[in-house]
1. Check whether at least one residue in segment 161-184 is free of Cβ contacts under 8 Å to residues at least 12 places away in the same chain, touching a strand residue (DSSP E or B) at 6+ places or on another chain (Cβ under 7 Å) and on the phi < 0 side of the Ramachandran plot, and report yes or no.
2. Going residue by residue through segment 200-213, is there one that turns out to be free of Cβ contacts under 8 Å to residues at least 40 places away in the same chain, open to solvent by 70 Å² or more (accessible area, probe 1.4 Å) and within 13 Å of the chain's Cα centre (by Cα)?
3. Determine whether segment 149-160 contains at least one residue that is within 20 Å of R96 (Cα to Cα) and of a type in the set (K, R).
4. Across segment 71-119, which residue is nearest to K182 (Cα to Cα) among those that are open to solvent by 20 Å² or more (accessible area, probe 1.4 Å), assigned to a helix (DSSP H, G or I) and among the aliphatic types (A, V, I, L, M)?
5. Taking Y225, is it modelled with pLDDT under 90 and open to solvent by less than 60 Å² (accessible area, probe 1.4 Å)?
6. I'd like the residue in segment 185-221 that is aliphatic (A, V, I, L, M) and modelled with pLDDT of 90 or more and, out of all such residues, is nearest to A88 (Cα to Cα).
Amino acid sequence: MIRFNNYSNIFGNTNSIYNSLAQLNSVRRGSYGKLLKAYYAKDNTASVSKNTAGKTAAKSTRYDYPLYSANAGLDEIRTQTDKLAKSAAKLTDSSRNGLFADRNDYDPEAAYKAVNEFISDYNSTLDSVNKTTNTTVTNAANNMTRMADIMSNSLSRVGVTVGRNGRLSIDEEAFKNTDMDKVRSVLGSGGSFARSAGSYSARLGSAAQQQSLQAANNTGIYGRYGTYNTNSYGTGNYSWWY
């Protein structure tokens, strides 16, 4: 005879019965097998990653720093702006050894060579800027190209053309047949385009250096791997937002 106080032992723990039936059904449908395969596949992947961690520790898992466009090319920009500043200074040298120091004895060949070098450095600087999307740097470069647009008519009178892409080109014959006093005024004086370009290139190089240091120290808007540096929000440059 079954005593009523044992009723719960047989029928009370219904959850255990249902759980057992559910597990049995899962085994029959192969669900357990799928879960086990997924688990061990994940475990194997983790093992492979652990074994290769030493080889990839220096690389970001999300970004390849040398290819990240915002901070790429900053060192090249600094190199090119230094060259441009020097070639501009050569044109605007007001010392006794300057190209346009002796107004009675200009050397058109030497002047053409110097202007051609300046134009080459100017174009190379713009080419290097095109390798980055860093807005601080590109804005500094835009200031320089705007000056070229402003002075495009004056430059054309001495054989120098400002192209649609902002690059400069020179017509050798037109340049050498131009009055050298006019060349001096447009490219060799204190208020010339070369002087302005030299000044803007120095600012551009300084901007590139600053952004490069910020990227290296992870203190700018962009981190060293291209992510936005959230540490700067509220604690530095953007504290005025709050």
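1. Scanning segment 161-184 turns up at least one residue that is free of Cβ contacts under 8 Å to residues at least 12 places away in the same chain, touching a strand residue (DSSP E or B) at 6+ places or on another chain (Cβ under 7 Å) and on the phi < 0 side of the Ramachandran plot.
2. Within segment 200-213, one or more residues are free of Cβ contacts under 8 Å to residues at least 40 places away in the same chain, open to solvent by 70 Å² or more (accessible area, probe 1.4 Å) and within 13 Å of the chain's Cα centre (by Cα).
3. Within segment 149-160, not a single residue is within 20 Å of R96 (Cα to Cα) and of a type in the set (K, R).
4. A110
5. It is false that Y225 is modelled with pLDDT under 90 and open to solvent by less than 60 Å² (accessible area, probe 1.4 Å).
6. Within segment 185-221, the match that is nearest to A88 (Cα to Cα) is A194.
The values are calculated or read from the model by the stated rules, or taken from the named source; none is laboratory data. As the structure is a prediction and not an experimental result, all values here were calculated from the model. Neighbour counts are summed over all protein chains in view; Cβ atoms, including those assigned to glycine, are modelled from backbone coordinates with ideal geometry. Accessible surface is based on the protein model in full, side chains and every heavy atom, while ligands, DNA and RNA are left aside. Shrake-Rupley method; radii C 1.70, N 1.55, O 1.52, S 1.80 Å.
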